[in-house]
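The values are calculated or read from the model by the stated rules, or taken from the named source; none is laboratory data. Everything quoted here is computed from the prediction, not taken from an experiment. Quick reminder, even Gly has a Cβ in these numbers, built from the backbone with ideal geometry, and neighbours come from all protein chains shown. What goes into the accessible areas is simple: the full protein's heavy atoms, side chains included, and nothing from ligands, DNA or RNA. Shrake-Rupley method; radii C 1.70, N 1.55, O 1.52, S 1.80 Å.
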Amino acid sequence: MMKIKSIVPLDNTADAFAYKSDTQLRKANALFYLMNQNWLVKLGAKLTELAVQWRLPVKSLIRSTIFEQFVGGETLDETTGLIEKLNQFNVKVILDYGAEGKATEADFDTIKEEFIRVITYASNRPNVPLIGIKITALARFELLEKLNELALVSRFNTVIDTSPLTAAEKQEWDRVVRRTVEICTAAAQKGIGILIDAEESWIQNTIDALTMEIMLAFNKEKAVVFNTIQLYRHDRLDFLKLSHALASKNGAFLGAKIVRGAYMEKERKRAQERQETVLIQPDKAACDVDFNKAIDFCIDHLDTVSLIVASHNEYSVQYAVNLLRARYFPLDHPHVHFSQLYGMSDHITFNLAKAGCQVSKYLPYGPIADVIPYLMRRAQENSSVAGQTSRELFLIRKEIRRRHL
């Protein structure tokens, strides 16, 4: 990518880490140093998975290291202190109950109630405008996969063909839809946005079609429901434009959270094993081009699009800021929001907040055993993205030196 003018300086470490104590900075330095060793991350992920399966006493170690760095707490109440601290720096929060891998109807109903509880909690805190949900926390993975081939989004309508399902499965799907609608109804009533996560491509058509149906119902006056568009897929820029056409045709706002993506290695491996077409971009440069084109498209349509730029990429963040300025939009435009994961890229989040942008930390919470899959993805993501961990380490060490000169 060509160089871009830095309207918002992102290298101010004093502002980036003002919310962290010296002790917290030193712990972050040690953790990112370890995550910079790719072989160690792979080994640690395997050992952690086995330790949890065998119920070994490792929770206190996990809690004091990777959990503390990337998660807000084991319960909703444990996140309160951190949320209030972030509010002091004009940083917002996207809350995410980190439940994954559930399989029973009782589990799904329990998680639905927890999401509704999160909505009520968020509505009482000025800096929690959004929550994240996963459809796989509300539905059986195999059911989503069975519907995937016949779930479509076009410029004219959405289709979820349930004909392959048994009578029992059709009832099961009805319950999935009902849970999702209940969550979005509570969110609309409380003024909280719902971000529906993207997941693996072999269930994503189902998620897209369900999300679009719900978006058309709830986004008539403003964006309540947001779909997540993973630009590491070569077909997603076209899907973004198609989604906007369908939303506009039905008089609805498009809620679009754009990300590069989180399942790349799994996607490639599965496609190769099954000798299927790989949906992943040919290289990172192609992904970067599409990501920035997605920013272009959304900012060119801000009258009917609410955009969340969920990125740790400094270039893309600056690109979006520059585009807002070039279009004479304010940096705090109500339809533009930036977001980074808690525990990563503080230099982006806090410097954007200081410049007046709407920016949030994506803050998961939940029991340690439930958020292990999320934590392993964060560790592997940091070690696999070229330069990510090195950049974090450089900035942390820069701030440690600044404080102790």
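Observations on the model:
- Mean Cβ neighbour count within 10 Å, used as a protection proxy, ranking 21-27, 260-266, 92-98 highest first: 92-98, 260-266, 21-27
- For the chain, the share of accessible area belonging to carbon and sulfur comes to 54 percent (1.4 Å probe, ligands and nucleic acids excluded).
- Surface accessible to a 1.4 Å probe, per residue, for the residues of segment 248-324, Å²: 43
- Once C-alpha pairs closer than 8 Å and six or more residues apart are averaged by separation and normalised to the residue number of the chain, the relative contact order reads 26 percent.
- Peptide packing for 59-71, 355-367 was compared via the average number of neighbouring C-beta atoms within 10 Å per residue; ordered from the highest value, the list is 355-367, 59-71.
- Out-of-range pairs (alpha-carbon distance over 28 Å; input 20/134; 222/284; 112/249; 146/257; 146/269; 92/269): 20/134; 222/284; 112/249; 92/269
- For the pair residue 23 and residue 161, the difference between a 0.36 nm per residue extended length and the Cα-Cα distance amounts to 44.2 nm.
- Solvent-accessible area per residue, Å², over segment 112-240 with all protein chains present [probe radius 1.4 Å]: 38
- Residue (of 122, 148, 4) at the positive-pole extreme of the chain, dipole from beta-carbon charges: 4
- Rounded to the nearest 20 debye, the dipole size of the chain about its Cα centre is 1240 debye, using +1 on the Cβ of Lys and Arg and -1 on the Cβ of Asp and Glu.
- Which of 246, 209, 281, positive extreme of dipole for segment 190-286 (C-beta unit charges): 246
- Shape analysis of segment 145-292 places it in the oblate category; the axes a ≥ b ≥ c from the Cα gyration tensor give an a/c of at least 1.5, with a/b not above b/c.
- Relative contact order [Cα under 8 Å, 6+ residues apart], segment 118-200, whole percent: 46
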